[in-house]
Amino acid sequence: MERYEEARFRRNIDAALQSIRTILDHTKNPCYPEDVPHRYEDKFLLAEFLTRTATVAVLQGLGALGLSSEGLAKLLAWSRIHPVTLRFTAEERCKFLREETRQEESTQQHTIEKRSLQGGNTTTTAKIITTVKEYFWSFEFSYELVAYQGNHLETQVLRRRSGQLELRTSARTAPRPESVIRPPLDVNLSWLLGQIDGEQRASFSIDRTDPACHTPRRNPPVESALEALRALASWCSLVHSYFLRDLFPVHTEHSLDLSAISAEGVFVPVVPVFEMTHEAVGERSAAYAGSFLEEQQRSLTNRFAQIAKIFPQEGLITSADAALLVTLLHLIEVAQHHADGVDYIEAMLRNQLIAAIGKELTPADFSAYMNFHQRKLFRPEHRPLPFSVTIRRPEHSPEGVLSIEATQGGITAPICTSCARSEARSPMYFPLDAATRVPFLGERYLHGWIAYQFSGQQSLTLNLVARARQFSSFLLLVGRIASADTFEPRHGIILQNKDLLKIPLLLEPIPTPKEFRDAKTSLKTEQKQKARAIRAMKLESKHFSVCIGQKKTKH
């Protein structure tokens, strides 16, 4: 199936609305849901209406493929115990019949003039006759569409057909392989049958209280529906491809119009519409389902009648085969319309939210939103502040500025961090070489930062920026905290006299505790211990650290 495209979706809905206005009475006026005032609950009702209608529409399509009411009841009974699978199988065989020889007379005449000894001329007209050998082959085919439960405990045949065609070649080379058994094409019908109650009515619903239910589109029931219908559409496409690419090309000597095999004119009942009414618009829209499904059945029957006038009843390409392919194409459209319908609900919800806010939110907007509320929720000493640190010695003017800046969407600003400050009670050390360690004291700050990122958007670009003022200088070391008293510098520089340093920061994300716990669940004991040890090492030694030192010059 194709991804949601608004232009295609609106073309389909506009065409459907024209048909709908001919089957509903004049008192009803269905419209685009976005054009009708409604509640948030109505969006859930619309998603349920679309999925229930798609379920029944698929069952009616399977009925056109040969599934009777009794057969559906049997499949429903099976589905309560075992999974139910729909399978398409096909076989082909080709064998030599005979060799025939015939005389083929050329359509061109050749004139031959002869001169006799007495001086007269005679004219003779001749034709070329060619002996042609032809070889005849018997091509036999058969296909079957069945539903079965579990591991083939019992099967229900929906359709079965076999036929024969005589092929002719100019050489004794088989036009087709001697025997071909096509791989079976299967699709699971368990989800579809699970939405039908004991009275053969669709009973799909969305649990609004489920923590995994985020919107009318993003919830487990709708995701399951999309997955099942997507699998069915893929199966229909594969079966359709077998007929048009493998079976029908065998018959080369025919004058049939294969372009007539299309679902054009067949009404797809999966239409997301609301009606302007004082009642709950979502419930009123659900009342359209009966009329829509009746129109689907009527238009499908009419399409079959048209097909019967174009294709013969016997042969390799028959009206029954064409009707089968039309049904498959229609089922693909049903699945596509359902996916477009629920995606439209999500797009409508998104557009309405943007209209209510006044703009499309970005991670920068969300960060600003969090900073605004954190100023209200936290005490002044705990509020996140921009990471922009003034570098200065006691009782001296500032010598520079150190900041971490984030760039996204062309906007650059310091990140806001929560900070804890402490006085050094014992020195820390950083190594100059393998034998020399330098102790240092001073104030220590621990910063925490939460990065916000939306899926599908470009990630943040972080830079460590250091600026030195005129006639000032300081030492900047960048590294990590290896232990409680050890700082491991990776890079160092002396900045002075209006120097500007900008270092890109490449962050290495560490899995959250829940992600780590879920990932190691199925590991064996030794692997779990190793994973915990490596995670502990990362948590203890991956803290990005900066050390700023005073640089003194002796005169």
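The values are calculated or read from the model by the stated rules, or taken from the named source; none is laboratory data. Everything numeric here is computed off the predicted structure, so don't read it as measured data. No Cβ is skipped: glycine too gets one built from the backbone with ideal geometry, and neighbour counts run over all protein chains shown. SASA here: full protein model, heavy atoms, side chains in, ligands and nucleic acids out. Shrake-Rupley method; radii C 1.70, N 1.55, O 1.52, S 1.80 Å.
Of all aspartates and glutamates in the structure, the ones whose alpha carbon falls short of 19 Å from that of Lys528, not counting any fewer than 8 places away in one chain, are Glu515, Asp518, Glu540. Normalised Debye scattering of segment 1-78 at q = 0.21 Å⁻¹ gives log10 I(q)/I(0) of -1.16, counting only Cα atoms as equal scatterers and leaving out solvent.
Electrostatic bookkeeping for Arg8 treats Lys and Arg as +1 and Asp and Glu as -1; over the other residues with beta carbon under 12 Å from its beta carbon, the sum is -4. Accessible area of Tyr445 (1.4 Å probe, protein heavy atoms only, ligands and nucleic acids ignored): about 110 Å².
Where the convex hull is taken over the Cα atoms of the chain, what is its projected area averaged over directions, in nm²?
That works out to 54.4 nm², a quarter of the Cα hull's surface.
Under 27 Å Cα to Cα from Lys359, which lysines show up? Leave out anything in the same chain fewer than 8 places away. Cα-Cα hits under 27 Å: Lys43, Lys376.
The aspartates and glutamates whose alpha-carbon is closer than 12 Å to the alpha-carbon of Lys133, local same-chain residues fewer than 8 away aside, are Glu99, Glu100, Glu104.
Counting Lys and Arg as +1 and Asp and Glu as -1 over every other residue whose Cβ lies under 14 Å from the Cβ of Asn371, the net charge comes to +2. If you average 1/r over all unlike Cα pairs in segment 178-276 and invert the result, what Kirkwood radius do you get in angstrom? Result for segment 178-276, one decimal place: 17.8 Å.
Per residue, the chain exposes an accessible area of 59 Å² to a 1.4 Å probe, with every protein chain left in place. Relative to the longest principal axis of the Cα atoms of the chain, the long axis of helix 525-541 lies at roughly 50 degrees. If you find the alpha carbon centre of segment 131-195 and of segment 456-489, how far apart are they in angstrom? The distance from the Cα centre of segment 131-195 to that of segment 456-489 comes to 70 Å.
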